[in-house]
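Reading through the structure tokens given below for one structure.
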Amino acid sequence: MTELLLPRYLDDIARLDLDAVSTPAQIPPRFLLAREGRYSVHYIPFEHVNTRARLVIVGIAPGFVQWKYAMREAQRQLAAGASHDELLRAARLSGAFSGAIRPNFVALLDAIGMHRWLGIASCAGLFDVDADLVHIGAILRHPVFDGDKNYSGSPGMAKAPFLREQVLRYFAEEAAALPDALYIPMGASVAEGLAWLASEGVIRRERILHGLPHPSGANAERVAYFLGRKERGALSGKTNADQLDAARTRLLDQMANLLAIQAGG
């Protein structure tokens with residue numbers, strides 16, 4: 001079990017002047033966890049793992065904005081006298097799938113039948129009354145910066161030994177605590193990383209749901225087509241309808257199989 005890092009950083013978090021940190025390069029050196037070449041990894045209080053979760057949403061890595069959100073929430077929790085566990089849980093959920101991305105994501109999950117597998121009315125509940133069923137994670141737990149920019153997923157983390165080590169040190173431990181959960185990768189680079197973890201025996205391949213479009217606003221046309229809200233003939237040349245059709249069919253078949261297994265006990 002990886003050592004809980006939060007106690008080392010409590011005083012530094014409390015003293016942190018977030019208004020003075022406007023770029024990754026300005027993050028105080030005390031928060032640096034590792035560096036190699038162009039990459040640097042900085043501590044974020046994202047050590048909470050919801051071990052009751054049945055669904056794991058896997059992003060690529062917290063970015064700089066999310067680092068600031070989490071640190072600000074951690075400061076609020078410290079001021080309120082919260083326990084370490086309360087602080088970590090609140091920090092990890094800060095800003096998770098906020099704004100327009102949330103309704104898109106809920107619609108995508110419901111469209112493949114995730115709510116039925118979870119036994120809830122809609123996946124909207126995952127951000128409210130059913131929050132105990134979901135774990136919001138990142139394949140790279142701590143922010144990784146490529147120079148002064150967020151790591152974008154290229155080159156792929158499975159191809160970079162330094163990034164592979166970060167995945168195995170932190171995310172593999174989360175996965176070990178959630179062996180029966182389903183995993184949804186948010187983006188192609190995360191999907192590639194999860195496939196690599198499956199090849200390493202960290203996650204069972206059949207528990208990974210590949211192909212769901214990323215619910216960001218920049219992906220609006222692909223989301224609309226996947227959900228049946230836009231006709232094939234109205235698509236721009238940037239959207240591959242055949243690929244989305246194949247992904248939808250594969251996901252629906254995978255969920256139907258999981259539901260059948262669940263019904264059979």
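The values are calculated or read from the model by the stated rules, or taken from the named source; none is laboratory data. For clarity, every value in this text was computed on a predicted model and none was experimentally measured. A quick note on method: Cβ atoms are made from the backbone with ideal geometry, for glycine too, and the neighbour counts reach across all protein chains shown. With ligands, DNA and RNA removed, areas are computed over all heavy atoms of the protein, side chains included. Shrake-Rupley method; radii C 1.70, N 1.55, O 1.52, S 1.80 Å.
Brief remarks follow.
- Among residues other than residue 23 with Cβ under 15 Å from its Cβ, the summed charge is -2 (Lys and Arg +1, Asp and Glu -1).
- Helix-only CD estimate at 222 nm, as mean residue ellipticity for the chain, using -39500 (n - 2.57) per DSSP H run (n ≥ 4): -12000 deg cm²/dmol
- Relative compactness, the range 109-184, computed as alpha-carbon Rg over 2.2 N^0.38 Å: 1.37
- Rounded to the nearest whole Hz, the Karplus-based 3J(HN,Hα) values (6.51 cos²θ - 1.76 cosθ + 1.60, θ = phi - 60°) of the range 167-179 follow the sequence 4, 5, 5, 10, 5, 4, 5, 4, 4, 5, 7, 10, x, with x at glycine and proline.
- P(r) tail fraction, the chain - alpha-carbon pairs more than 29 Å apart, %: 33
- Phi to ³J(HN,Hα) by Karplus 6.51 cos²θ - 1.76 cosθ + 1.60 over the range 25-42, Hz, x for Gly, Pro: 5, 8, 5, x, x, 4, 8, 6, 9, 6, 8, 8, x, 7, 9, 9, 10, 10
- A cut-off of 5 Å between modelled amide H atoms, ignoring neighbours fewer than 5 places along the same chain, links residue 34 with 41.
- Residue 56 long-range amide H proximity, modeled H, under 5 Å: 135, 182, 183, 184
- Residues whose amide H falls under 5 Å from that of residue 230, counting only those 5 or more places apart or on a different chain, are 225, with hydrogens built in the peptide plane.
- Accessible surface of the chain, 1.4 Å probe, proportion on carbon and sulfur as whole %: 51
- Candidate lysines - alpha carbon under 18 Å from residue 230, same-chain residues fewer than 8 apart omitted: 238
- Averaging the sequence gap over all C-alpha pairs within less than 8 Å and six or more residues apart, then dividing by the number of residues, gives the chain a relative contact order of 23 percent.
- Among 141, 15, 205, residue whose mean-square fluctuation peaks in a GNM of the chain (springs only between Cα atoms under 10 Å): 15
- Among beta bridges identified by DSSP and lying wholly in the chain, the antiparallel ones come to about 45 percent.
- Surface accessible to a 1.4 Å probe, residue 64 within the full protein complex, Å²: 30
- For the chain, the membrane-span-like helix rule (DSSP H, alpha carbon extent of at least 27 Å along the helix axis, mean Kyte-Doolittle at least -1.0) picks out 241-263; this says nothing about an actual membrane.
- Think of a 1.4 Å ball rolled over the protein heavy atoms: the chain then has 47 Å² of accessible area per residue.
- Annotation note: GluC sites (Glu not before Pro) in the range 162-254 located in DSSP loop regions with a Cβ neighbour count of at most 16 within 10 Å are 200, 231.
- Within a straight-line Cα-Cα reach of under 20 Å, residue 68 can be paired with the following lysines, leaving aside sequence neighbours fewer than 8 residues apart in one chain: 149.
- Dimensionless Rg/Rh of the range 64-190 - Kirkwood Rh, Rg from C-alpha atoms: 0.97
- Hz values of 3J(HN,Hα) by residue in the range 121-126 - Karplus curve (6.51, -1.76, 1.60), Gly and Pro given as x: 5, 7, 6, 4, x, 5
- On full extension, the segment bounded by residue 260 and residue 96 gains 55.9 nm, given 0.36 nm per residue less the C-alpha separation.
- Once C-alpha pairs closer than 8 Å and six or more residues apart are averaged by separation and normalised to the residue number of the range 114-265, the relative contact order reads 19 percent.
- A simple packing score, the average count of other Cβ atoms within 10 Å per residue, orders the peptides 32-38, 85-91 as 85-91, 32-38, with the highest score first.
- The fraction of Cα-Cα pairs per 10 angstrom bin, counted from 0 for the range 126-168, comes to 24, 41, 21, 14 percent, rounded to whole percents.
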